[in-house]
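Since the structure comes first, as structure tokens, the remarks are kept for the end.
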Amino acid sequence: MEDYLRKNADWTTATNQVTPLGAADYSSYLLNVGNSGADVLINVNWGHDAVLSIQQANQFGILAKQKLVIPFEVPFLGREVGPELTKGVYAATDFSWTLEDRFPLAKMFVEAFQTKYNYRPQWGAENAYMQFALWADAVERAGTFYPPAVIKAYEAGNHNDSLVGDVYFRAADHQLVRPVIIMRGKEPGDMKNPEDFWEVLEVVPGERLMQAPDAFGCNLGPYT
Amino acid sequence: MPTDPEAVSIDEIFSMITWPNFVSQFFNGLASGALLALISSGLTIIYGTLGVLSLAHGAMFMLGGYAGYVAFQATGSFIVAVTGGTLCLVAVGSIIEFIIIRRFYNRPPEDQLLVTFGIGIVIVELVRAVFGSLSFTVPPPAWASGTTPMGFLIYPTYRLVVTGIAAAALAVLYLVLYRTRIGMIVRAGIEDSTTVRMLGINVDRVFMLVFGIGAMAAGFAGIVNAPVVSLTPDMGDAILVQTFVVVVIGGVGSFPGAILGGLIAGEILSLTSMVDPAYSEVMLFVVMTLVLLLRPQGLLGLPSRD
């Protein structure tokens, strides 16, 4: 990504703060970030690390000077850090409940999920549901639970309609080729309900986003 | 050949070492160290007096935060949150000592470690069962929100307040331990609880209070720190490990050692992050290992009594 941005957007990385997992405090890393003179803060922290680092970046006044970008949104991020911090922020994700306006399956899923759990599904639930459905489909096509046969059924590259449109597994490295959702944080005043944190800007088809199958030296090994 | 995205070049390492950043990090080390010192002082008071190394200390820190959160939700007052949460933790600590810990004073250290570890797990899971795993935030009081420009750096106002509160709380703890009758009994109890008992002093009650005060130090730190972090049930885990390191560096059972250790730990975390953040916590353990090798009783600890 860095190479791509450098070539196409005149990007320079001011500082790369690789922080310890589960850090109790981000103050010292954020001081480095604040003193780096950067214009953009790309935060790839995960789970509570993401929540805490964003909240503390705000406490240090960094979010007022640097534009926050979230390459992969953590489930419930909006609810945990609040819309004041997510507004205007660009984020990529696997699923947003507002996709119910675009995909009939998503609408069905969101409604059923909300009826059962009393809140709208995040992408963790979408991933779990979709993976299980794709596995069931592969088992059905294989006609058996025998893993090598099921793997081959996956590798056939069948296209399936999913909660986010067309998806399929790539035989070369068993990666799921699926769209990525690009969204932007809504202003608190524009939220239509307490879970309406994000506006979906684009559903980007998966093909162009995939690394070449051999990019990470993937070796699948034998079936058994 | 793709380059390792996490490899740090020499230029990159030195790019963050500038005077303004050094001064910022040094200051931040003191500020975060003061809080660590406060939490660690509770651990060290309990160990020094009761001989029990409480692995439930991180859970007390977390519980303090949640107690403060509940009090804040109920009243909207930060002062009430801090007072209520603090009293709550004295009570919780005292009750735990009364029901469980006092049965373990004469048992081997492994039993004490296991039972306090277990208490910690139970408290964390109870909080998770009641509040769930998503984090909660307590806003700082209005007069302390925002940032304060300090010339060389912009620092969150509330963190400055926390540093002041932590320093004041440590001073109060020091006065109680070294300038009051109860403190004298506590210190005498550490040396020889049998003689203290023979003098007609109810050591059991004093010990219960000591565990309560130790838990309170962690809980109080948990509440005042709540607006800085967001509350999660397992937030005490990382803190427990750090306070452990602080106490080992400063000297197990030494109150001034906990303060010195806390400040040193804060500086290690901050200054290392200037060179390479990924190693900041590793460095904490490197220093702890060095202290254990060169001065096993810790910087301000006395050689073992027994």
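In degrees, nearest 10, range 0 to 90: what is the angle between the Cα axis of helix B:203-225 and the longest Cα principal axis of chain B?
With both axes taken from Cα atoms, the answer is about 20 degrees.
How charged is the neighbourhood of A:Thr93? Take every other residue with its Cβ under 13 Å from the Cβ of A:Thr93, and add Lys/Arg as +1 and Asp/Glu as -1.
Details: positive: A:Arg178, A:Arg184; negative: A:Glu73, A:Asp94, A:Glu126, A:Glu199, A:Glu202.
The answer is -3.
For the protein assembly as shown, what class follows from the C-alpha gyration tensor (a ≥ b ≥ c being the square roots of its eigenvalues): rounded when a/c is under 1.5, otherwise prolate if a/b is larger than b/c, else oblate?
Details: a/c = 1.96, a/b = 1.73, b/c = 1.13.
Here the protein assembly as shown falls in the prolate category.
Would you mind telling me the antiparallel percentage of the DSSP bridges in chain A, rounded to 5? All intermediate terms of the calculation are to be shown ahead of the outcome.
Numbers: 15 of 20 bridges.
Percent antiparallel among DSSP bridges in chain A is about 75.
Just need the relative contact order of chain B here, percent rounded to a whole number, with Cα pairs under 8 Å and 6+ apart. Don't skip to the end; give the middle numbers.
Working: 484 pairs, mean separation 109.7, N = 306.
Worked out over chain B, it gives 36 percent.
Over 22 Å between Cα atoms, which of A:Lys65/A:Lys87; A:Lys65/A:Lys186; A:Lys67/A:Lys186; A:Lys87/A:Lys192; A:Lys87/A:Lys116; A:Lys67/A:Lys107 qualify?
Working: A:Lys65/A:Lys87 15 Å; A:Lys65/A:Lys186 19 Å; A:Lys67/A:Lys186 15 Å; A:Lys87/A:Lys192 14 Å; A:Lys87/A:Lys116 29 Å; A:Lys67/A:Lys107 32 Å.
Going by Cα-Cα distance, A:Lys87/A:Lys116; A:Lys67/A:Lys107 fall outside the 22 Å limit.
At a 10 Å Cβ-Cβ cut-off, how would you order B:Asp237, A:Asp25, A:Asp10, fewest neighbours first? Numbers along the way, then the final one.
On the way: B:Asp237 18, A:Asp25 25, A:Asp10 7.
Neighbour counts put them in this order, fewest first: A:Asp10, B:Asp237, A:Asp25.
Assuming a ≥ b ≥ c are the square roots of the Cα gyration tensor eigenvalues, decide whether the stretch A:100-176 counts as rounded (a/c under 1.5), prolate (otherwise, with a/b larger than b/c) or oblate. Spell out each step's value before the answer.
Working: a/c = 2.62, a/b = 2.00, b/c = 1.31.
In terms of gyration-tensor shape, prolate.
For the stretch A:159-224, what does the alpha-carbon gyration tensor say about shape, rounded, prolate or oblate, given a ≥ b ≥ c as the root eigenvalues, a/c under 1.5 as rounded, and a/b over b/c as prolate? Working shown, then result.
Values: a/c = 3.26, a/b = 2.67, b/c = 1.22.
Judged from the Cα gyration tensor, the stretch A:159-224 comes out prolate (a/c at least 1.5, a/b above b/c).
Take every Cα-Cα pair in the stretch A:1-85 and report what % of them are more than 22 Å apart. List each step's numbers first, then the result.
Values: 853 of 3570 pairs.
The answer is 24 percent, as a whole percent.
Taking the Cβ of B:Leu36 as the centre, find all other residues whose Cβ is under 12 Å away and add up their charges (Lys, Arg: +1; Asp, Glu: -1). Numbers along the way, then the final one.
Details: positive: none; negative: A:Asp25, B:Glu267.
That works out to -2.
Less than 13 Å Cβ to Cβ from B:Val127, Lys/Arg counted +1 and Asp/Glu -1: what total charge do the surrounding residues give? Write down the numbers at each step before the final one.
Working: positive: B:Arg128; negative: B:Glu125, B:Asp234, B:Asp237.
Every neighbour counted, the sum reads -2.
Cα centroids of the stretch A:24-103 and the stretch B:128-172: how far apart, whole angstrom?
The two parts, judged by their Cα centres, are 20 Å apart.
Quick one: Cα centre-to-centre distance for the stretch B:259-295 and the stretch A:131-209, in angstrom?
For the stretch B:259-295 versus the stretch A:131-209, the Cα centre distance is 44 Å.
Considering only B:Ser24, B:Ser15, B:Ser77, give the residue with the highest GNM mean-square fluctuation for chain B, with springs between Cα atoms whenever their separation is below 10 Å.
Maximum among the listed residues: B:Ser15.
Which residues make up the longest stretch of chain A that has no chymotrypsin sites (Phe, Trp or Tyr not before Pro) in a DSSP loop with at most 16 other Cβ atoms within 10 Å? Spell out each step's value before the answer.
Values: sites that count: A:Trp11, A:Trp46, A:Phe72, A:Tyr119, A:Phe145, A:Phe216, A:Tyr223.
That gives A:146-215 as the longest site-free run.
Helix B:235-250 sits at what angle to the longest principal axis of chain B, using alpha carbons and giving 0 to 90 degrees rounded to 10?
Compared with the principal axis, the helix lies near 80 degrees.
Taking the Cα atoms only, what angle lies between the long axis of helix A:104-117 and the longest principal axis of chain A, rounded to 10 degrees?
In chain A, helix A:104-117 runs at an angle near 70 degrees to the longest axis.
Only the coordinates and a few stated rules stand behind these numbers; no lab work does. All figures in this text were calculated on a predicted structure; none of them were measured in a lab. Note: ideal-geometry Cβ built from the backbone for every residue, glycine included; neighbour counts use all protein chains shown.
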